[in-house]
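Here's the structure we're looking at; comments come further down.
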Amino acid sequence: MEELHLFYAGEYIEEILNEIKPDICESAEITIEVNPGTVDKNKLKKYIKCGINRLSIGLQTTDDKLLKQIGRIHNYKEFLDTYEEARKVGFKNINVDLMLGLPDQSLKILEKSLKEVINLKPEHISIYSLILEKGTLLDKKVLFRRT
């Protein structure tokens, strides 16, 4: 049997939210997660317009070397640009995701990332422990190091 994969691209988010809006409490927190470098001012404006009131940005670390090492497509400056643009278009509730346990991530690097993000004054910071998903590029890199 053929497997069906559905992908809801950004242009469908407004349509989906408009469809379910009558069933959502007016004070509900509606969050979308974005990756730096994949969202622009127009997308951010659309998200606000269709009722999204909380933005979660997947930074992971402020260290560009680590970002590249774990296969992220953005750098720290691109994150800062995304964060600043989100504030400019009106997001008043922003979360920033960080990771700990990244390969070659020292306590000093983690502390620096946390301090830099705190200085931005986001409403929320989430810190997740790295979980290696079997078969991913990062899992293969870490496995290679162990052998």
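The values are calculated or read from the model by the stated rules, or taken from the named source; none is laboratory data. Quick caveat, the model's predicted, so the values are computed rather than measured. Glycine gets a Cβ as well: all are built from the backbone with ideal geometry, and neighbour counts include every protein chain shown.
Among the residues of the stretch 97-147, those identified as assigned to a helix (DSSP H, G or I), closer than 14 Å to LEU66 by Cα, aliphatic (A, V, I, L, M) and at pLDDT 75 or above are LEU107, ILE109, LEU110. Kindly evaluate LYS49 against the criterion of being under 29 Å from ILE131 (Cβ atoms) and surrounded by fewer than 18 Cβ atoms within 10 Å (Cβ to Cβ). Considered against the rule, which asks whether it is under 29 Å from ILE131 (Cβ atoms) and surrounded by fewer than 18 Cβ atoms within 10 Å (Cβ to Cβ), LYS49 comes out as no. Need the failing condition index for ARG72 against (1) over 19 Å from GLY37 (Cα atoms); (2) at pLDDT below 95, just the number. Condition not satisfied by ARG72: (1). The set of residues from the stretch 10-66 being touching a residue at least 40 places away in the same chain (Cβ under 8 Å), more than 22 Å from LYS88 (Cβ to Cβ) and among the hydroxyl-bearing types (Ser, Thr, Tyr) comprises just one member, THR61. All conditions in (1) touching a helix residue (DSSP H, G or I) at 6+ places or on another chain (Cβ under 7 Å); (2) farther than 26 Å from ILE24 by Cβ hold for ILE94, with the sole exception of (2). Confirm whether ASP104 is free of Cβ contacts under 8 Å to residues at least 40 places away in the same chain, acidic (Asp, Glu) and touching a Lys or Arg at 6+ places or on another chain (Cβ under 9 Å). Answer is yes for this residue. Each residue in the stretch 64-113 was checked for being surrounded by 14 or more Cβ atoms within 10 Å (Cβ to Cβ), closer than 20 Å to ILE131 by Cβ and among the charged types (D, E, K, R), and 2 pass.
Among the candidates PHE91, PHE7, the residue that is modelled with pLDDT of 90 or more and on the phi < 0 side of the Ramachandran plot is uniquely PHE91. Of the helices (runs of 4 or more DSSP H) that lie entirely inside the stretch 41-94, those containing 2 or more residues that are in contact with a strand residue (DSSP E or B) (Cβ under 7 Å, 6 or more places away or on another chain) span 76-89.
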